[in-house]
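Student: One structure, as structure tokens, below. Some questions next.
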Amino acid sequence: MEEFDGEPAVTVIPGVNSKKNQMCFDWGPGEMLVCETSFSKKEKSEMVPSCPFIYIIRKDVDVYSQILRKLFNESHGIFLGLQRIDEELTGKSRKSQLVRVSKNYRSVIRACMEEMHQVAIAAKDPASGRQFSSQVSILSAMELIWNLCEILFIEVAPAGHLLLHLLDWVRLHVCEVDSLSADVLGSENPSNHDSFWNLPGNTQTLTELELKWQHWHEECEQYLQDSTFATNPHLESLLKIMLGDEAALLEQKELLSNWYHFLVTRLLYSNPTVKPIDLHYYAQSSLDLFLGGESSPEPLDNILLAAFEFDIHQVIKECSIALSNWWFVAHLTDLLDHCKLLQSHNLYFGSNMREFLLLEYASGLFAHPSLWQLGVDYFDYCPKLGRVSLELHIERIPLNTEQKALKVLRICEQRQMTEQVRSICKILAMKAVRNNRLGSALSWSIRAKDAAFATLVSDRFLRDYCERGCFSDLDLIDNLGPAMMLSDRLTFLGKYREFHRMYGEKRFADAASLLLSLMTSRIAPRSFWMTLLTDALPLLEQKQVIFSAEQTYELMQCLEDLMSRRPVRGESDIQQLQDEDIETTKVEMLRLALARNLARAIIREGSLEGS
Amino acid sequence: MIHDAQMDYYGTRLATCSSDRSVKIFDVRNGGQILIADLRGHEGPVWQVAWAHPMYGNILASCSYDRKVIIWREENGTWEKSHEHAGHDSSVNSVCWAPHDYGLILACGSSDGAISLLTYTGEGQWEVKKINNAHTIGCNAVSWAPAVVPGSLIDQPSGQKPNYIKRFASGGCDNLIKLWKEEEDGQWKEEQKLEAHSDWVRDVAWAPSIGLPTSTIASCSQDGRVFIWNCDDASGNTWSPKLLHKFNDVVWHVSWSITANILAVSGGDNKEELQMQPQIDHLP
């Protein structure tokens with residue numbers, strides 16, 4: 001029997017004494033409920049829970065942060081733009097586009113960081129101030145990592161340019177001024193330095209550069225050996241630094257804020273034309289030397305190291321663990337995937353890393369009352385499981401307003417998610433019926449193509465009509481059009497209303513034919529026949545003959561049909577007797593009217609035309 | 001002591017049930033907790049609650065040690081008892097609503113070994129079908145399979161109900177998981193028996209469908225094991241178990257997230273454990 005690897009992750013719920021009590025739980029659409037309980041199903045339970053609360057556990061709390069919301073919104077736009085980049089583009093133009101996308105993402109992170117920094121400063125209480133500040137450092141770390149990934153994986157800076165980029169990278173992220181490099185620039189051989197670093201637009205090749213540097217390096221070494229600066233210990237240590245002497249560099253540790261600053265400085269002086277593949281040797285040793293065995297590497301350090309080792313998967317994995325939401329890894333991985341850097345790892349879920357992370361991120365967005373709309377687009381770009389994930393999530397969006405419901409429906413209809421459309425319309429129809437908004441209920445059931453519900457609502461309309469003598473929502477019924485065919489009852493409702501309209505327009509002959517056909521075609525429910533026959537009365541009583549003899553016979557047939565099926569009444573109370581009386585009177589009136597009409601009709605039809 | 005808590009479909013309401021015989025409903029929108037209803041009607045501890053699909057209105061089912069299943073409904077803003085089913089001879093342990101596509105159908109599993117299926121037929125009427133001796137000694141859990149229209153991808157003509165094959169799983173004190181299928185004559189037949197546990201099966205959970213042609217069921221037991229059962233073929237004949245994990249104590253509860261990517265497991269060693277549950281991907 002196969003077994004799965006890996007131990008499950010353990011989450012501890014605060015306040016619940018997990019040693020003493022058991023927990024029961026359930027999934028909500030975006031969260032999980034946990035509470036203390038006892039599972040042994042005895043009638044009287046000995047265990048008394050110490051904690052009376054039910055906990056709601058959410059994974060994706062960051063969606064609720066006001067400032068991060070901007071991050072989500074803006075990166076959404078960048079994401080979409082990236083997906084639409086022409087696949088045909090190759091080579092340099094493609095690369096420059098991808099680099100631009102990466103810079104866009106980073107600027108969004110920086111903007112968010114800046115805003116949060118402002119909020120942190122302005123915070124009234126120290127606790128929230130600290131919280132915001134820690135958010136700022138997280139964002140800063142994200143930008144740091146992203147920037148490095150951009151240099152190494154997307155820009156793919158070659159030797160020479162690589163160090164320049166890394167210098168920029170460090171300068172951007174180190175708050176304190178690099179006083180060391182300032183010193184160096186002001187030192188003995190400025191002219192050499194100037195020409196050396198004049199790389200942009202430079203026609204020198206890498207080899208020429210290397211030779212020049214070698215030359216300069218040897219010169220410095222010569223100075224050291226000749227003890228040219230022996231009288232000035234300051235200048236001597238400067239020389240050592242310029243030669244990339246690690247010990248000398250480490251003496252200035254306070255000026256170097258972290259190991260990667262140390263790394264880049266070291267590379268600057270010992271191997272400025274470092275090749276990308278050699279980076280990791282320097283990285284690892286820089287980290288070790290800088291920490292000096294006093295402290296152990298933090299998660300951020302490990303992530304950067306993995307990047308220097310060009311181990312993209314490790315970077316993504318460590319970031320996933322370290323960060324509290326999927327935003328970073330989802331977008332970065334997607335970008336790297338566009339750079340064709342991810343091997344098709346045979347991950348089970350979502351079938352590849354990119355899709356897996358995007359699915360997780362998008363699912364998190366659905367927990368939010370308005371950000372879910374962003375999630376829709378992300379699902380759209382997940383070819384394997386995006387559609388079905390969207391189907392499952394979209395049905396769970398609470399439809400508190402009509403506007404929201406319409407929005408959701410539009411999204412489903414655009415994607416031909418007919419099942420979801422039907423289900424949502426049914427829910428809305430049901431809600432409308434319960435709130436007595438029959439017109440709304442009817443239009444929802446038509447949209448859902450739900451015949452059974454349409455019948456139900458039509459019945460309600462008819463019942464209302466019988467009670468109040470008039471129709472509500474005339475507009476809707478008048479304009480049903482082909483939707484009328486959805487259910488027999490609905491057809492009847494529409495046609496019945498048409499009859500009333502015709503009568504109102506004095507098109508008596510048409511109205512009469514329609515009325516009759518409603519009964520003979522059996523579209524009218526039997527329970528309604530009495531009403532229809534009663535409606536026929538005014539037509540029968542008109543001065544001119546409307547119903548033909550044949551039609552009159554049919555009406556009589558209907559009446560007798562109806563009467564014959566009436567159940568025999570047993571013992572009845574006063575009210576029922578009264579109702580019966582009314583019934584009998586009505587029937588008698590009908591019979592009389594029908595007979596009279598028959599007589600007139602026969603005479604008219606029997607007479608010659610014009611006479 | 002709360003025995004079960006369930007969010008409604010949209011995550012806006014919370015239903016809880018307790019050994020104090022009450023069923024409570026809270027409005028939990030925007031992080032609030034407003035008690036909407038305190039429903040009394042059971043005469044013993046209430047074990048489980050289940051929300052029906054919102055297209056049928058606001059309906060909640062609860063089952064209890066008092067051998068009864070009560071269906072509660074919200075009408076005009078107030079919650080009331082809508083129906084009571086007292087067809088079992090001992091504690092009813094589990095209730096589960098069928099996929100909304102089948103109509104309004106509730107499965108109930110009881111310690112008397114039987115499973116009853118209540119189908120709403122309209123006008124406040126419920127039709128009952130009972131499967132006696134589904135599990136010897138008792139049935140602890142029931143879980144419906146997601147609705148899958150067999151075969152056709154063609155849109156059904158409006159008004160016609162497609163021919164769904166209704167299935168559900170049950171777990172019992174006979175250490176077995178049984179799969180039940182509704183026959184054409186409306187009777188329920190035992191379709192499969194899944195054997196792997198060595199002690200009472202405490203919970204079964206059929207995973208939501210993510211469009212793959214496979215079916216997946218999670219089960220957990222008194223024996224401390226959690227199994228994932230997979231069936232590859234559409235006819236549902238060959239189920240193969242994979243041991244997910246063996247815990248040191250009873251495992252009481254398993255539950256899938258709505259996109260079936262996470263399985264949550266509650267173990268007797270009292271820790272909440274969450275798992276990343278990889279689905280077996282059969283697409284090339």
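Student: Looking at region A:97-118 only, could you name the residues that are polar (S, T, N, Q) and either modelled with pLDDT of 90 or more or crowded, with 16+ Cβ neighbours inside 10 Å (or both)?
Tutor: Of everything in region A:97-118, those that are polar (S, T, N, Q) and either modelled with pLDDT of 90 or more or crowded, with 16+ Cβ neighbours inside 10 Å (or both) turn out to be A:97, A:102, A:104, A:107.
Student: Please go through region B:228-246 and pick out each residue that is at the interface with chain A (Cβ under 9 Å from one of its Cβ atoms), of a type outside the set (Lys, Arg) and touching a residue at least 12 places away in the same chain (Cβ under 8 Å).
Tutor: Answer for region B:228-246, where residues must be at the interface with chain A (Cβ under 9 Å from one of its Cβ atoms), of a type outside the set (Lys, Arg) and touching a residue at least 12 places away in the same chain (Cβ under 8 Å): B:228, B:241, B:243, B:244, B:245.
Student: Continuing with this model, one more query. Checking residue B:49 against (1) without any contact (Cβ under 8 Å) to a residue 24 or more places away in the chain; (2) within 12 Å of another protein chain (Cβ to nearest Cβ); (3) more than 21 Å from residue A:426 (Cα to Cα), which single condition isn't satisfied?
Tutor: (1)
Student: Now a separate question. Kindly provide the set of residues from region A:464-488 that are surrounded by 13 or more Cβ atoms within 10 Å (Cβ to Cβ), of a type outside the set (A, V, I, L, M) and more than 20 Å from residue A:502 (Cα to Cα), ordered by number.
Tutor: Scanning region A:464-488 gives A:464, A:487, A:488.
Student: Among the residues of region A:584-609, write down those that are in a helix (DSSP H, G or I) and of a type in the set (Ser, Thr, Tyr).
Tutor: Within region A:584-609, A:584, A:585 meet the criteria.
Student: Which of the following residues is at pLDDT below 80, over 29 Å from residue A:93 (Cβ atoms) and among the hydroxyl-bearing types (Ser, Thr, Tyr): A:231, A:207?
Tutor: Exactly one residue qualifies, and that residue is A:231.
Student: What residue, of A:244, A:293, is farther than 26 Å from residue A:161 by Cα and either at pLDDT below 75 or more than 40 Å from the chain's Cα centre (by Cα) (or both)?
Tutor: A:293
Student: Does at least one position in region A:220-237 carry a residue that is among the β-branched types (Val, Ile, Thr) and under 30 Å from residue A:334 (Cα atoms)?
Tutor: No, the conditions are met nowhere in region A:220-237.
Student: If you check every pair at least six apart or on different chains, which have Cβ atoms under 8 Å apart with a residue in region A:529-549 that is of a type outside the set (Gly, Ala, Ser) first and a residue that is in a loop (DSSP other than H, G, I, E, B) second?
Tutor: A:532/A:524; A:539/A:546; A:539/A:547; A:540/A:546; A:540/A:547
Student: Still on this structure, please answer the following. Quickly run through region A:119-160 and pick out the residues that are of a type in the set (Phe, Trp, Tyr) and at pLDDT 90 or above.
Tutor: A:146, A:153
Student: Sort through A:441, A:405 and tell me the only one that's more than 9 Å from chain B (Cβ to nearest Cβ), surrounded by 22 or more Cβ atoms within 10 Å (Cβ to Cβ) and aliphatic (A, V, I, L, M).
Tutor: None of the other options fit; the residue is A:441.
Student: Suppose we filter region A:363-413 for residues that are among the polar types (S, T, N, Q) and under 22 Å from residue B:100 (Cα atoms); how many remain?
Tutor: 2
Student: OK, next. Out of B:35, B:60, which single residue is in contact with a Leu (Cβ under 9 Å, 6 or more places away or on another chain) and either of a type in the set (A, V, I, L, M) or away from every other protein chain (no Cβ under 14 Å) (or both)?
Tutor: B:60
Student: Given the condition farther than 25 Å from residue A:330 by Cα and not in a helix (DSSP H, G or I), answer yes or no: does some residue in region A:69-87 qualify?
Tutor: no
Condition check ((1) at pLDDT below 85; (2) in a loop (DSSP other than H, G, I, E, B); (3) among the basic types (Lys, Arg)) across all residues:
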site: A:527; (1), (2), (3): yes, no, no
site: A:534; (1), (2), (3): no, no, no
site: A:557; (1), (2), (3): no, no, no
site: A:572; (1), (2), (3): yes, yes, no
site: A:575; (1), (2), (3): yes, no, no
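Results for (1) in a strand (DSSP E or B); (2) in contact with a Pro (Cβ under 7 Å, 6 or more places away or on another chain); (3) at pLDDT 95 or above; (4) not aromatic (Phe, Trp, Tyr), shown as yes or no for each residue.
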site: B:161; (1), (2), (3), (4): no, no, no, yes
site: B:165; (1), (2), (3), (4): no, yes, no, yes
site: B:181; (1), (2), (3), (4): yes, no, no, yes
site: B:186; (1), (2), (3), (4): no, no, no, yes
site: B:189; (1), (2), (3), (4): yes, no, no, yes
site: B:192; (1), (2), (3), (4): yes, no, no, yes
site: B:198; (1), (2), (3), (4): no, no, no, yes
site: B:203; (1), (2), (3), (4): yes, no, no, yes
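Student: Taking residue A:263, is it farther than 30 Å from residue A:379 by Cβ and not aromatic (Phe, Trp, Tyr)?
Tutor: yes
Student: Being of a type outside the set (A, V, I, L, M) and either touching a Pro at 6+ places or on another chain (Cβ under 6 Å) or within 12 Å of chain B (Cβ to nearest Cβ) (or both) is the filter here, so list the residues in region A:386-402 that pass it.
Tutor: Within region A:386-402, A:386, A:387, A:389, A:391, A:393, A:395, A:396, A:398, A:400 qualify.
Student: Right, next: Please return the ranges of helices (runs of 4 or more DSSP H) entirely within region A:408-490 where 3 or more residues are of a type outside the set (Lys, Arg) and within 30 Å of the chain's Cα centre (by Cα).
Tutor: A:418-434, A:438-447
For every residue, the table says whether it meets (1) within 25 Å of residue B:208 (Cβ to Cβ); (2) surrounded by fewer than 17 Cβ atoms within 10 Å (Cβ to Cβ).
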residue: A:304; (1), (2): no, no
residue: A:312; (1), (2): no, no
residue: A:318; (1), (2): no, no
residue: A:335; (1), (2): no, no
residue: A:340; (1), (2): no, yes
residue: A:369; (1), (2): yes, yes
residue: A:374; (1), (2): yes, no
residue: A:388; (1), (2): yes, no
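The values are calculated or read from the model by the stated rules, or taken from the named source; none is laboratory data. Source: prediction; values computed, not measured. So basically every Cβ, Gly included, is an ideal-geometry build from the backbone, and we count neighbours across all protein chains shown.
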